[in-house]
Amino acid sequence: MHCPTTTGNEAEVLVAYTSGTMTPAEQEAFELHMAGCAGCRQLAAAQKTVWSALDAWTLPPVSDEFDRSLHARIAEEARLPWWKRQWGGFSFSWKPAIPVAVACAALAGAFLLHVPAIDNAPATLPAVQTQKIDADQVERALDDMDMLNQLDAPAPAPARTPEGS
Amino acid sequence: MTALASLERDAELMLRVREGDETSFALLLNRHRGPVMHFLYRMVQNQGVAEELAQEVFLRVYKARASYEPTAKFTTWLFRIATHLALNWLRDGKAEKAQDSIDDNSGDGPTRELPDRSGTIEQKLVYEARLGEIRSAIEALPGKQRAAVLMHKYEEMEYVQIAGVLGCSESAVKSLLFRAYETLRARLAHLG
């Protein structure tokens, strides 16, 4: 058997061993392994201590009053008007409302603060504006070159037609 | 009665309760009153509160009888209600107020563990001290870890059923349980 601490499932093996849910074959294999593994022996001993300690926490039987009180509550419930029976089970505690209110306020604030940001600069716009500027620059450069050509200054031939572009 | 037969019987009884059979409700109550009560006591560690919550569990079962469908095990449903009520109670912070009543044995809901009728006074003191450590260790666990340990240890529920009660995956239950047991080993190993 591989050591459970090396396979990462030592917790599951320990719990299964101490709770007695292992098969006889699994139990025998684990006990054989523990004979040679101090780490697993120590863990198993600690888990058995926990198990025994929890076993010691015994409670008395439920009081005789329990059933009588329950039936009284059931009878009282039956006497309520139907709308109260339907909705009376809901207890509106205000405590859960605080984080909900804070979350709503945070969302509202984020929305109000975010709306101008939409108008300013979403990620796509700068790229579009950059391309437009580049196109204008190119066009101006070509116009300059045409002017230079008209002045008989040596200039490279434009790559595209000046009109309608 | 085998476990499977018992589970089928629970569903069968609850279906009869749905049809108006009060005797079947009494049978279910008789069978599950103790486990639910003890689970809640170990969760909230206050007898009076545990009794009130346990009654609320069965009251809700009774009120829901008309719409009951055996889509899950009856005990899964029962302990889901109990866990929900206990976690709500713990979340609402009443545990802190009730702890005072545990410590000074005053107020409503005095604790009622089984008294140790045998042994010397010294043995009784040792027993009480050990019990105090166990209760403190359980109380120190977060709510869901506490519930998982109690269902696993005392109700002998399998991982898949605990997952059904807590509304999470089986792997999440294992994570909760193993973390809880690791914490308990650290706190209680010296009792061995």
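Just so it is clear, none of the values below were taken in a lab; they were calculated from the coordinates. Predicted model, so just to flag it, every value in this text is computed and none were measured. Don't worry about glycine lacking a Cβ; one is built from the backbone with ideal geometry, like all the others, and counts go over all protein chains shown.
Overall, segment B:113-192 carries a charge dipole of about 200 debye about its Cα centre when +1 sits on the Cβ of Lys and Arg and -1 on the Cβ of Asp and Glu, all other atoms neutral. Shape of segment A:1-87 from the C-alpha gyration tensor: prolate (a/c of 1.5 or more and a/b above b/c, with a ≥ b ≥ c the square roots of its eigenvalues).
Toward the positive end of the charge dipole of segment A:4-56, with +1 on the Cβ of Lys and Arg and -1 on the Cβ of Asp and Glu, the farthest Cα among A:Ala25, A:Ala46, A:Ala35 is that of A:Ala46.
Taking amide H positions as modeled 1.01 Å from N, with prolines and chain starts lacking one, the residues under 5 Å from B:Met157 and 5 or more places away or on another chain are B:His152.
Look at the dipole of segment B:140-192 built from charges on Cβ: of B:Gln161, B:Leu188, B:Ala148, the Cα furthest out on the positive end belongs to B:Leu188.
Counts of other chain beta carbons within 10 angstrom of each beta carbon in peptide B:181-192 average 6.
Suppose R0 equals 30 Å; then what is the FRET efficiency for A:Ser19 and A:Cys104 from their Cβ-Cβ distance, rounded to the nearest 0.05?
On the way: r = 46 Å, r/R0 = 1.53.
FRET efficiency, A:Ser19 to A:Cys104: 0.05.
Put a dot 7 Å past the Cα of B:Ala129, heading toward its Cβ, do the same for B:Arg31, and the two dots end up 4.4 nm apart. For the pair B:Ala172 and B:Thr120, a Förster radius of 41 Å applied to the C-beta separation gives a FRET efficiency near 0.35, rounded to the nearest 0.05.
The calculated FRET efficiency for A:Glu31 paired with A:Thr5, based on their beta-carbon distance and R0 = 22 Å, is about 0.90. Residues B:Tyr68, A:Tyr17 in ascending order of nearby Cβ atoms (within 10 Å, fewest first): B:Tyr68, A:Tyr17. The peptide list A:40-52, B:141-153, B:37-49, put in order of mean Cβ contacts within 10 Å with the highest first, becomes B:37-49, B:141-153, A:40-52.
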